[in-house]
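The values are calculated or read from the model by the stated rules, or taken from the named source; none is laboratory data. Remember, predicted model here, so these are calculated numbers, not experimental data. As a convention, Cβ positions derive from the backbone with ideal geometry for all residues, glycine included, and neighbour counts pool all protein chains shown.
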Amino acid sequence: MKYLESNICPDEILDYEKRGDCYTWCFPINFEDFNARDISRNDNYLDKNTKLMTLYIHIPYCKFICSMCPFTHEPVKEEEFSRYVKCLEKEIGLYAEHKLSKESKVSTIYFGGGTASILSLAQVKEIINILKEKYQLLEECEICLECHPNTVTKEYLEGIKEAGVTRVSFGIQSFQQKNLTALKLWQNAERNKEVIKMAMGIGFDTVAMDIMYNFPDQTIEELTEDIRFAVDAGVQGLSVYALDPEVRKLNSVKERQEKMQMEQDMFYYIFDYLKRQGYVQVAQPDYSLPGHENRQIMDLWGAPQRINLGFGAGAFSENFNGCSWANIHDPQEYMKCMEAGQMPILMGKRWSLDDAMARYVALGVRMLKVPLKNFKEQFGIALADIYKYEILKLQELGYVELESDFLVITEKGKYYIDNISKTFFNFSNRGRAQYWGCKLKEYMPRNLYQWKDVIGECDEE
């Protein structure tokens, strides 16, 4: 096993000549050896009024391995998977004993992966029942389960809805076979269409899906065909991602630069098309019909951000008593820790005040507007005073507008959202790359902590 070293990535420092390649989803990212006892400390710069929590359940197994996937995943084996689910349920129960978990109410639950839909119907029901028993779920708590179109049946979808799942999200990527083949995905275009129609007929509160664009040689007409099918089917949530040029293995920098204009044209075409169809851009890259917003994203990114507690190999937890951490990514090592009574934490960070302020804005801009009042209430100083230079630079570029109550991302700025996010990275995080699970599987922590030594050790202040 390897030990984690610096994730410095000099190329990720601000560059407005092109759209940032590194998708900003986590902050802070200067993780290090983590003292797990820090999750039971309190600091006065934390938002004491935020006692809403989102729970994330990571399933790092897949029936079908996609070569482009950057997340923790490996082929599923039935006996090993049953063992994994038991460890997952144990972790859920242990964190429920923490003082902050007991005080917080759960607004969203998200099953992700990997492939969350390889959970059997019985396993989905069992996990949801444990969550309901151990945590305080809001009456309107959204429960979302990610699905691969090849792993679900009508009976399965009806069963998870009955178990409490209110939102399903499908990794469709495209309704055109040539695009699926280009990515070497184990998917069929007609099956993708069938499963969306099937899910829409079952009556979930929200059916959502991922669509990719910027495929090799893709035209605007072909892109329209993909989006039109989703709209005509009544899909209420769409996450629309540009295919990373690195995934397509472009032959040269010149080739990559030549593709940039087409990608940008497609980006704004999608925005205009969906807007005309009644969809609202809730975040970059999420669109929804009114009332069907992706509430997990709103909780994770929307300032002030909620607590996020992640379970399973490769799961991340954030904003838990001012700490962020990542679990061990190798499922085998994760299970060994859980069975030995050890916390499966790989690395983490107890935030500084500077981290907390930067996080508020760096993630908040992904929601396209950042509230100013909450920042002043939480930190005792105006956001525009702390980030005066950064905001001025972004205003000069036409990427943001400073209104009386919000810092607002302009339409021009939406395309450069990752650049804007990195503008607000503090010095200790500037130039660092985001963590991706596929690159962390070989790493192990230098220190492991016993659950019994950490949970319950909460300051009373």
Subset of region 343-370 that is of a type outside the set (A, V, I, L, M, F, W, C) and assigned to a helix (DSSP H, G or I) - its residue that is farthest from residue 42 (Cα to Cα): 366
Whichever residue in region 290-322 is assigned to a helix (DSSP H, G or I) and of a type in the set (A, V, I, L, M) and, among such residues, is surrounded by the most Cβ atoms within 10 Å (Cβ to Cβ): 300
Residue within region 329-342 that is closer than 30 Å to residue 82 by Cα, in a strand (DSSP E or B) and outside the structural domain of residue 263 (by the TED database) present: yes
Test: residue in region 78-87 that is of a type in the set (Gly, Ala, Ser) and either under 30 Å from residue 184 (Cβ atoms) or at pLDDT below 95 (or both): yes
Any chance residue 117 is buried (at least 17 other Cβ atoms within 10 Å of the Cβ), assigned by the TED database to the domain that holds residue 84, in contact with a Cys (Cβ under 6 Å, 6 or more places away or on another chain) and part of a helix (DSSP H, G or I): yes
Output for region 101-123, where each listed residue is touching a helix residue (DSSP H, G or I) at 6+ places or on another chain (Cβ under 8 Å) and more than 20 Å from residue 294 (Cβ to Cβ): 101, 118, 119, 121, 123
Where a residue in region 314-337 is within 18 Å of residue 32 (Cβ to Cβ) and acidic (Asp, Glu) and its partner, wherever it lies, is at pLDDT 95 or above and assigned to a strand (DSSP E or B), with Cβ under 6 Å and at least six apart: 318/308; 318/324
Per-region count, region 197-234, residues buried (at least 22 other Cβ atoms within 10 Å of the Cβ) and either part of a helix (DSSP H, G or I) or free of Cβ contacts under 8 Å to residues at least 12 places away in the same chain (or both): 5
Selection status of residue 248, part of a loop (DSSP other than H, G, I, E, B) and modelled with pLDDT under 90: yes
Of all residues making up region 15-40, the number that are modelled with pLDDT under 80 and surrounded by 14 or more Cβ atoms within 10 Å (Cβ to Cβ): 6
Filter result for the condition that a residue is among the hydroxyl-bearing types (Ser, Thr, Tyr) and either at positive phi or without any contact (Cβ under 8 Å) to a residue 24 or more places away in the chain (or both), over 449, 389: 389
Residue within region 149-170 that is in contact with a Gly (Cβ under 6 Å, 6 or more places away or on another chain) and surrounded by fewer than 22 Cβ atoms within 10 Å (Cβ to Cβ) present: no
Single match in 154, 184, 125, 178 (criterion: touching a residue at least 60 places away in the same chain (Cβ under 8 Å) and out of contact with any Leu (no Cβ under 8 Å at 6 or more places or on another chain)): 184
Unique match (being touching a Lys or Arg at 6+ places or on another chain (Cβ under 9 Å) and modelled with pLDDT of 95 or more) among 165, 207: 207
Residue tally, condition surrounded by fewer than 15 Cβ atoms within 10 Å (Cβ to Cβ) and within 21 Å of the chain's Cα centre (by Cα), over region 398-435: 0
